[in-house]
Amino acid sequence: MSTTRQLELTWNPETATEDREIGQRKAADRNRETLELARQVAFELAQQNGEVNADDVVWQLVKHHGMDVHCLGNAAGSLFSKKSVWEWTGKFHRSKRTHARGNMLRIWRLKRKTQNQHERQS
């Protein structure tokens, strides 16, 4: 295979995005129950604190639900994927989980529309 063709195949932003979304769906499907619980925990934390990240959620899953720190696995990439619920704050936080090696985590908040709808249902 030519170098040019190889670069076209390995440096394609559309394919990379598609592959990421496919991978997230597969991981989410394999870990559906844990992911749904994690999303519920994330929602509650965001209501209480205004902002939340993946470390916050995993901490709660371990502390209050007796789960392993690796319980979400690759499904963690789908934790805040519902764009109708979450918006990125524009801020990052370095993970404090040892195995995450200080990777950068986005900090999320609930969209105002989501907060208002939930308040009306309560």
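Once you have the Kirkwood Rh of the stretch 45-86 from its Cα pairs, apply Stokes-Einstein at 20 °C and 1.002 mPa s and quote D in µm²/s.
Rounded to a whole number, D works out at 194 µm²/s.
Check the straight Cα-Cα distances from LYS82 and name the lysines below 23 Å, setting aside those fewer than 8 residues away within the same chain.
Correct list for LYS82: LYS26, LYS91, LYS111, LYS113.
Values in this text are rule-based calculations from the coordinates and carry no lab data. Here the structure is a predicted model, which means the values were calculated and not measured.
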